[in-house]
Each structure stands twice: as C-alpha cells, then as structure tokens.
Amino acid sequence: MGFVEESKRPLTVAPFECAWGEELRFGEPGRGCVAFEASAQNDVTLVFRQQPGSQHYHYKMDSSRHYTVILGSHRNKRLRIEVDGSTVVDVAALGLCCSFSFQAYWISIYDGLISIGRGRHPNSYLLFQWLDPDPNPNVQYVGLSSWDKHVGYRNISILPSAPQNSILWSQMEHAYVHSEQRLCSGKRGTRDDSDSDQRLLADFLESWDFSDAIFVVGTERKVVPAHRVVLCASGDFPFEVVDGATIELPSVPYPVLHSLLEYIYTGSTQIAEWLLSSLLELSSHFKVEPLVKCCKEVIVSLEADKKFSASGKLLTLSSSGFQDRKIGSSPFKSPVNSQKIGQFLANGKYSDINIYVNGHGLVTKGHKLILSLWSMPLAKMFTNGMKESSASDVFFEDVPPEAFFLLLQFMYHGELKDTVCSVLQAVSSIPSCKLLEEVCKRNFATHFDYCTTACTDFVLLDEATFKDILQHRDMTVTSEERVLDAILTWCMGTCETFYWTSVDKLLRTSTPEQLFGKRLSAVGTLLPFVRFPLMQLPMLKRMERSNLANRIQAFRQLVAEAIEFSHAGQWTSTSYECERFQHRRSSYKELQYISDGDSNGVIYYAGTSFGKHQWMNPVLAKNITVVASSPNSRHTDPKALVSKTYQGTCVAGPCIEDGKKLSWWMVDIGQDHQLMCNWYTVRQDGSTTFMRSWVLQGSMDGRNWTSLRVHDGDATICHPGQFASWPIVGPPALLPFRFFRVALTGPAAGSVSNAWNLCICFLELYGYFR
C-alpha cells in the first residue's frame, strides 16, 4: 500500500482558470483522495471528472458529469458541493480559507461518498461528508481551480481512498506519517519508532480504557464512558455531588452528548442544525465555555444569513486549536485546560495510579490516561491485561527520581519546566522516553542562539544528541557564524564560550590535537552542518585566510565550496541541492509571491506593523523608509510608491554615482529586519517611458550593493499601468538584506527627453523575512 507525494513547488491558479496534470489522477476510477495545502481569500475549488480539462476550463461551463467541491464560498463563509453544476450541499463553514498562510486539506471520493477534512492525512479532522445517491463511478482526474481570486496550491498528493474507519484508512495514515518523518529526517536509515508514537486524547473518546465516569443518556439509557480528569479540566461536571461517578441525562439525545464529548476530546465536532440549540443548552449546563461561545457564534451567523432552520444539515464546530497528529505537541487543546491538568498532578485528584521509584518511595499520584498520551510503553503496560493493568501501584527501577519528576511535569503541563540541556541529560537515563527527548531537541534547535550562549551546559551533551540538534529541521539561528561558534565550543569541551575568531588565534600556538583532544574527529563530522554558502563573501574570504582553514581540512574545503557557490552568480539555480546551500526556513517568516499586486509581500506586511493591525501606508506609519535618487516633489513622492494606489506619474530622476548616471527607488525595511528576497514586483506608472535595463540590488548598510537580478534589454513592460514580477534565483536569494533598490542602468524606451526617468508607481518584495 503506497502513496504518491507530488512536488512541493507552489502552484498559483489565476481567477477562473483550472490546473490539470496527468499526475493529478486517481489510481482507480471513482476512488481516490487528494491532500493539499492552499492559500486564498475564498473559493478554494477542486473539480473531479473523467477526463482532464484545459487551463481555461471552468466548472460552470462543464456539461459532462463531474463533482465540484468549493471551500470558502460566499466570501469564505460556506462549504459547497456541486454535482454536474447543480448545488447539492451548501452549509455554513466560517473561515475555511486563509490568505496569509497555507492551510492543509484533504478530499476523498469513494463510490460517491465525498469526505472533506483538514490536515495532511485522510480521516483527520473530518469537516463534512455527503453520499451521492447516484454515484459517478468514472471520476478520476483532479482539477485545481479558483473563482474570482488567485489561489495558491502546494504539497499536492494523490492517495488511495477507502471507506471511513476501514483498515486501509489506518494503514494509509500510518504509512504516510512515517514516510513523511523519514523524508524530513533526511532518510538517515530506518529504526523502530513504535516507542515514540504519541497518542491523542481523541483516541480515548467514549473509550472504556481508564474510564472512571459514565453518562446514562436518553430514554434508551445508553451508557457512555468518560474520564473525570478530562471532563473536570474542561468544564464544571458535578462528580462531587452526584452518586458515584454517574451522570443521568434522560432528556438529552445521545447525538448531543456525543458532540459535547467529541468537542472536549478532539477540539471539534459536527451537529445537525436542528440539534444545535440542545448542544448549546448542554454545554451551558456543564460550563464548557469555548463550546458555548462557538454555538452562539454559529447561531448568530445563521440568523444573520436567514438560514437558521430545523434541518438535518451538519454544522462543524471547532476550537482554535483542533488536534492534529503533530508529534511532540501538547495533547491538551481547548476546551481542556492544561493548567487544571497540572493541578491534578499536584493534588492527586482523580488519580488512579501511585508511582514509585525504587529506593525513593512514592514520587506522585498520577493518571494512567495522561501517562499513556505521552508514552506508548506505559500505555501498553496499562492495557496489556497483565497485573500492571489493574494494579494501583507501579514501580520503576534504575531511574533518578528528579529526572522522572521532570518527565511527569512535562507530560502534565505540555512544556518544559527546566533548562533544555539538563532535561536532555536526565531523560537519557529513562528508557523509552524518545518523545520527550525529541521535544527537548526541537526546543534547543528553535532557540539555538540562546541555548548555546546563555550557558555552556550544551558541551556536556553527547555527540549524537548534539548532531541531531544541528540537523533538526526546526533549527533557528540568527547567523551561520553562531552555528560555527557553537560547534567549535562543543568540540573544545570546556565551560567557556569560544568564537571562531578566538579559536583561530589559539591555532597560532597550538595544534588541533591539543585544542580539541578526543573530540577532534567530531570537528570534521559536525562542520558540514554549518551552512557556509549563506555567509557573506567578505566573511568567507576572511575565513579562507584563517588558521582554521590552514590546519583543518574540512573547514578549508567547506569554505572553498561556499566561495565557489557565491561566484556562480544568479544563473545557478539547481546545481547545488544539498541542504548546506538552502536557507533555514524556520528562521524566517515566509512571505510568498502569489500574484501581481497581492497582499503577501514585505512592504504590505510592514503596513500592518508586521501583522499587528489593519494596513496603513508603511511610510506614514514609519515602519519603512523610501528614498529616490532625485529630490522629493509632487511626482517623486516616497509614500506614493507603497500606497497600493495607481499613480499616473511617479518618477525617480537621474543622479551621478561613481561617475555613472543612475536612477533608483530605494526601500529600507528597518534596522531590526532583514529579507532574503526571492521575488519582486513593479508596476509601470501612466507614462510610456518603459525601463529596459535595470537591476534589483540588496544591501546591509545602504552603501555596498549586491545585484540580486540584472535585466539587460528586458522588454517585459510595454503598457502603462502594467504589473510585472520576476524571481530571484541562485546564491543571491539566500542572502538577507535590509536595503533594496530598483536602479535604472540604461536609457528607458519610449522617451528621448526623459530617458533616464525611472517611472514605476509600485514596488513589492517577497521572500523570507525576519
């Protein structure tokens, strides 16, 4: 059983167009699943038909049999399904689309059963299902479409499909998750991950495992199991006053109770529209406030749209933090209050297990369910039918009590309560705690600068652990020099921070063997994790002349490789595919180009004070500075260049720099910000003075400029008011800059007297921002 992982290259679909491809095809007609990520203001639209269409295909004009699924229709308020052009499903679904980030979705078709959900894996976070009474058995091709706005797609996968809850579903999800983990870990071989699997609270929904409470619901007196530690962390359930741990609800239909429990255990649920008021009443009774708020918001929305009725349509209710299978994330999402969960560890309330460490007595009173969420070995021990399953005491041998208590604190609070290095050292003595170890490594990697400069405890980590941190996919650093300094400090093995320049000085009088001792071999192993190609060329030249380069072969080779890469220029886009030549995505916020004039660039982002409020002109807000090569005037207005408003005349006149005539517009994104630019957009003003030879440049100081893209005789712009965009490729796209400018390097076309006027009225920059 396999799956197909398609290219992660983003795909932008223009309004009223559709993208098709032979790779976007189900393996079996009438049965298949497409998983993808999309970014749009509204109307993420997928079409399923027997044969592929054309680029300008649109489902509204299709007379053949087909299915159409629209996420975020009616201005991102509804979910729709159409069959052969006729609407069969139109339900409320607020905020399904997102224009400032990519969201993951999946759509499955199996013999007419259409299932729609969020997340990367089929059957996770189901949004809606509909069964076609007259199934179309021939649908096989998937079209990625749009309505009146651009839609960005990426990470598109075609997978097999199967009925919900079938064995194939679980097998496929397991295979997909672990294949994805192998890809993300760089395919560093295989290992048994069974001990590091994390269970979800959703796995215990209406489960008799560890249950210590029951509901007796409806006139049929259906018995539903639950867990007091979960319920009492989510609302006010009267287990202190009722008889034992049984709550009788004779007037409540089972579907209403099921929706309440599903919301508590998973963070989302579905409810028939005619039962929504009953769910509101029940959640109010037990004071599950997030669900109360959600129900009220949906009712208000339905009443505003005049769509509220006693129909059987399914409505989706979700908290802001629905549970996905993100390994290492806290299993406690709204409405479960993690603070209350932590209190239950402190006071032992609702505990069902006493935890002892041999030689140290009772450590704490715990809860089997919570321990099982984090440790598969413990879950198996509590449910394997052996004596441990029913015992109220459990004993651990050869485990330091302090280390074990750190583990418990993490399990209950979902966060680290001590320094990362101390926990990493402690957890190594606790068998089968790979999950906690992975969380610690991720925490270290995402706060690498702090963890390697606040103290030097990290030099006590073993080589394998430090290596895992250095190659962690969430590694976040402010510069590659920090990584180099940390590696050299670790290899020195002393409780003192060393910079590469100080190590370089020590090598004047000492040999590498004397400096690094037993860790000398690790120098060559760890240095390749420094991404030298991301460093500035002057720094690389300095390193090339250093004692480190003269005395350590690995250092010399890596620096030479980076200098060669830097000299390759902007025309090198695919020659270097090793991770060493790629930026660290997690260090930056991705501002991705979608379409000309969109709202995804850094200048627009600056207009929101970097995501803090509604847009206003960033020059007026003093978040960026715009300067022209000629003095400000009526038609040379810095704030006009970033105003989003079309300007009939917007001109930067010529000046003389280094004896050459030059006209330019320059943007300073601020001393605390940098951008690795990979796309840019300009717009011609209302004149016919079209630029033909120009350059986009970047700088850290506003004086020394690096060319990011050079245009020579480029006739792309040929109409007044025209937008045009270009990618930045190769080494320049990996360098962060504060200052950017578009500079005219040759006479413009269309004018003799004003040939050196740069006539653009809009500029936007995209890439990775910090």
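Yes/no matrix, rows are residues, columns are (1) touching a Gly at 6+ places or on another chain (Cβ under 6 Å); (2) under 17 Å from S207 (Cβ atoms); (3) in a helix (DSSP H, G or I); (4) hydrophobic (A, V, I, L, M, F, W, C):
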| residue | (1), (2), (3), (4) |
| --- | --- |
| V230 | no, yes, yes, yes |
| D236 | no, no, no, no |
| E248 | no, no, no, no |
| V252 | no, no, no, yes |
| L257 | no, yes, yes, yes |
| L260 | no, yes, yes, yes |
| I271 | no, no, no, yes |
| L276 | no, no, yes, yes |
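Here the range 691-702 is the region considered, the condition is being closer than 15 Å to C677 by Cβ and open to solvent by 20 Å² or more (accessible area, probe 1.4 Å), and the residue that is modelled with the lowest pLDDT is M700.
The residues listed here are V229, V151, V216, V177; of these, the one that is modelled with pLDDT of 50 or more, closer than 25 Å to L24 by Cα and not basic (K, R) is V151. Taking each residue of the range 280-304 that is open to solvent by 30 Å² or more (accessible area, probe 1.4 Å) and looking for partners that are not aliphatic (A, V, I, L, M) with beta-carbon atoms closer than 6 Å, six or more apart or interchain, yields L280/C295; K287/G235; K287/D236; P290/S319; P290/S334; P290/P335. Only residues that are open to solvent by 60 Å² or more (accessible area, probe 1.4 Å) and either among the β-branched types (V, I, T) or under 19 Å from T645 (Cβ atoms) (or both) were counted across the range 588-604, and they come to 2. When the range 546-567 is limited to residues that are at pLDDT below 90 and crowded, with 16+ Cβ neighbours inside 10 Å, the one that is nearest to H711 (Cα to Cα) turns out to be S566. Pull up the range 353-368, narrow it to residues that are aliphatic (A, V, I, L, M) and either in contact with a helix residue (DSSP H, G or I) (Cβ under 6 Å, 6 or more places away or on another chain) or surrounded by fewer than 19 Cβ atoms within 10 Å (Cβ to Cβ) (or both), then point me to the one that is nearest to I341 (Cα to Cα). If we take residues in the range 353-368 being aliphatic (A, V, I, L, M) and either in contact with a helix residue (DSSP H, G or I) (Cβ under 6 Å, 6 or more places away or on another chain) or surrounded by fewer than 19 Cβ atoms within 10 Å (Cβ to Cβ) (or both), then I353 is nearest to I341 (Cα to Cα). Candidates are the residues of the range 439-474 that are more than 13 Å from W490 (Cα to Cα) and free of Cβ contacts under 8 Å to residues at least 24 places away in the same chain; the one that is least open to solvent (accessible area, probe 1.4 Å) is A454. Pairs are defined by a Cβ separation below 9 Å, a sequence spacing of at least 6 or placement on different chains, a first member in the range 493-505 that is within 19 Å of C455 (Cβ to Cβ), and a second member that is assigned to a helix (DSSP H, G or I) and of a type in the set (K, R); the pairs so defined are G493/K518; G493/R519.
Residues in the range 43-65 that are modelled with pLDDT of 90 or more and either open to solvent by less than 20 Å² (accessible area, probe 1.4 Å) or touching a helix residue (DSSP H, G or I) at 6+ places or on another chain (Cβ under 9 Å) (or both): D43, V44, T45, L46, V47, F48, R49.
Name the residue that is surrounded by the fewest Cβ atoms within 10 Å (Cβ to Cβ), counting only residues in the range 656-672 that are hydrophobic (A, V, I, L, M, F, W, C) and farther than 15 Å from D637 by Cα. Looking at the filtered set, the residue picked out is I656. Taking the criterion of being surrounded by fewer than 19 Cβ atoms within 10 Å (Cβ to Cβ) and not small (G, A, S), the residues of the range 67-90 that qualify are H74, R75, K77, D84, T87, V88, D90. Residues that are among the hydrophobic types (A, V, I, L, M, F, W, C), open to solvent by 30 Å² or more (accessible area, probe 1.4 Å), under 20 Å from Q270 (Cα atoms) and in contact with a strand residue (DSSP E or B) (Cβ under 8 Å, 6 or more places away or on another chain) within the range 91-125 comprise just one, L113.
The residues of the range 126-147 that are touching a helix residue (DSSP H, G or I) at 6+ places or on another chain (Cβ under 8 Å) and surrounded by fewer than 22 Cβ atoms within 10 Å (Cβ to Cβ) amount to a single one, W147. Only one entry in M475, M492, M543 is at pLDDT 95 or above and among the aliphatic types (A, V, I, L, M), namely M543.
If the requirement is being more than 30 Å from N678 (Cα to Cα) and among the acidic types (D, E), which of these qualifies: D504, D485?
Result of the check over D504, D485: D504.
For Y254, the criteria (1) among the aromatic types (F, W, Y); (2) surrounded by 14 or more Cβ atoms within 10 Å (Cβ to Cβ); (3) at pLDDT below 85 hold in every case but one, which is (3).
Touching a strand residue (DSSP E or B) at 6+ places or on another chain (Cβ under 7 Å), buried (at least 18 other Cβ atoms within 10 Å of the Cβ) and not β-branched (V, I, T) - does that describe any residue in the range 605-625? The answer is yes, given that some residue of the range 605-625 is touching a strand residue (DSSP E or B) at 6+ places or on another chain (Cβ under 7 Å), buried (at least 18 other Cβ atoms within 10 Å of the Cβ) and not β-branched (V, I, T). Looking at the range 325-430, the strands (runs of 3 or more DSSP E) lying wholly inside it that each contain 3 or more residues that are at pLDDT 70 or above and in contact with a Ser or Thr (Cβ under 8 Å, 6 or more places away or on another chain) sit at 353-357.
State which residue is least open to solvent (accessible area, probe 1.4 Å) when the search covers only the range 495-516 and only residues that are assigned to a loop (DSSP other than H, G, I, E, B) and touching a Ser or Thr at 6+ places or on another chain (Cβ under 6 Å).
That would be F498.
The residues of the range 247-288 that are under 29 Å from the mean Cα position of the chain (by Cα) and among the aromatic types (F, W, Y), listed by number, are Y263, Y265.
In the range 673-690, the residue that is farthest from G730 (Cα to Cα) out of those that are open to solvent by 10 Å² or more (accessible area, probe 1.4 Å) and aromatic (F, W, Y) is F690. Of all residues assigned to the range 66-88, none qualifies as being within 26 Å of P727 (Cβ to Cβ), among the small types (G, A, S) and modelled with pLDDT under 90. Considering the range 744-770, the residues that are modelled with pLDDT of 85 or more and polar (S, T, N, Q) include one that is most open to solvent (accessible area, probe 1.4 Å), namely T745.
The set of residues in the range 257-279 being modelled with pLDDT of 90 or more, over 13 Å from K222 (Cβ atoms) and open to solvent by 20 Å² or more (accessible area, probe 1.4 Å) consists of E262, S277, S278. Against the condition buried (at least 17 other Cβ atoms within 10 Å of the Cβ), touching a Pro at 6+ places or on another chain (Cβ under 8 Å) and among the hydrophobic types (A, V, I, L, M, F, W, C), how does V483 come out, does it pass? No, not satisfied. Could you please let me know if E82 is within 26 Å of S318 (Cβ to Cβ) and without any contact (Cβ under 8 Å) to a residue 24 or more places away in the chain? It is true that E82 is within 26 Å of S318 (Cβ to Cβ) and without any contact (Cβ under 8 Å) to a residue 24 or more places away in the chain.
The values are calculated or read from the model by the stated rules, or taken from the named source; none is laboratory data. As the structure is a computational prediction, the values presented were derived from the model and not from experiment. Heads up, the Cβs are rebuilt from the backbone with ideal geometry, glycines too, and the neighbour counts pull from every protein chain shown. Protein only, heavy atoms only, side chains kept; ligands, DNA and RNA dropped before computing areas. Shrake-Rupley method; radii C 1.70, N 1.55, O 1.52, S 1.80 Å.
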